[in-house]
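Working notes, beginning with the structure itself.
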Amino acid sequence: MGERLTKGDIEKIQAEIDERKLVLRPKLLEEVKETRAQGDLSENFEYHEAKRAKNMNDSRIRYLEKMLKFAEVVDDSSADDEVGINNTVTIYIPEDDCEETYKLVTSIRGNSLKGLISIESPLGAAIRGKHVGDRVMVKVNDNYSYEVEIRTIDKTSTDEDDKIKRY
């Protein structure tokens, strides 16, 4: 099974592939060609750097194409009162007596430092499909779990600002 992606994720990935193939790759190939013409390749730092940049671009293209090939498309729609993908959710954690706010996203956009949690994370999986007022147990591992209460659910109309992770 591959990555679980929304239609929006697939569009973003395809746009990045197109940008890398049609815009970036020709520039990088030209750079390799120009630096190769500068002479002795064994001591030509610019040539080796240009080759490295070209190879990194090609590697990213292959990575993204493979991701699309094996992707599982997930529906990002949910009822108005239900936690779903692209929703911003405020939860209360009784154990810590604090509230936290997160946006539920697919794993390729997850970034807990920016408040983006994956639907495949323990917290994301536990709250997905739940409603305001629901209390759920989040199982982190066999030895630890904690309870959260869903306080608010804000529907997010777009995922435009969420960046696709680098590898």
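Where a number appears in this text, it was derived from the coordinates with a stated rule and is not lab data. In this text, all values refer to a predicted model and were calculated from it rather than measured experimentally. Glycine also receives a Cβ, built like all others from the backbone with ideal geometry; neighbour counts cover every protein chain displayed.
At 0.36 nm per residue, minus the direct Cα-Cα distance, what do HIS131 and MET56 gain on full extension? Give it in nm, one decimal, please. Don't jump to the answer; show the numbers that get you there.
Working: separation 75, 0.36 × 75 = 27.00 nm, distance 4.35 nm.
So the extension gain works out to 22.7 nm.
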task: Note down the net charge around MET67, summing +1 for each Lys or Arg and -1 for each Asp or Glu among other residues with Cβ under 10 Å from its Cβ.
output: 0
task: Enumerate the lysines that LYS155 could reach by cross-link, defined here as Cα to Cα under 28 Å, with residues fewer than 8 away along the same chain left out.
output: LYS7, LYS12, LYS103, LYS114, LYS130, LYS139, LYS163, LYS165
query: Simple spin-label model, 7 Å along Cα-to-Cβ: LYS33 to THR90 in nm?
result: 5.8 nm
field: Listed candidates (i) 16.0; (ii) 16.8; (iii) 18.5 - label of the one calculated as Kirkwood radius over Cα pairs in Å
entry: (iii)
- request: Would you pull out the residues with amide H under 5 Å of LEU5's amide H, same chain only if 5 or more places away, H placed 1.01 Å from N?
  value: GLU72, VAL73, VAL74
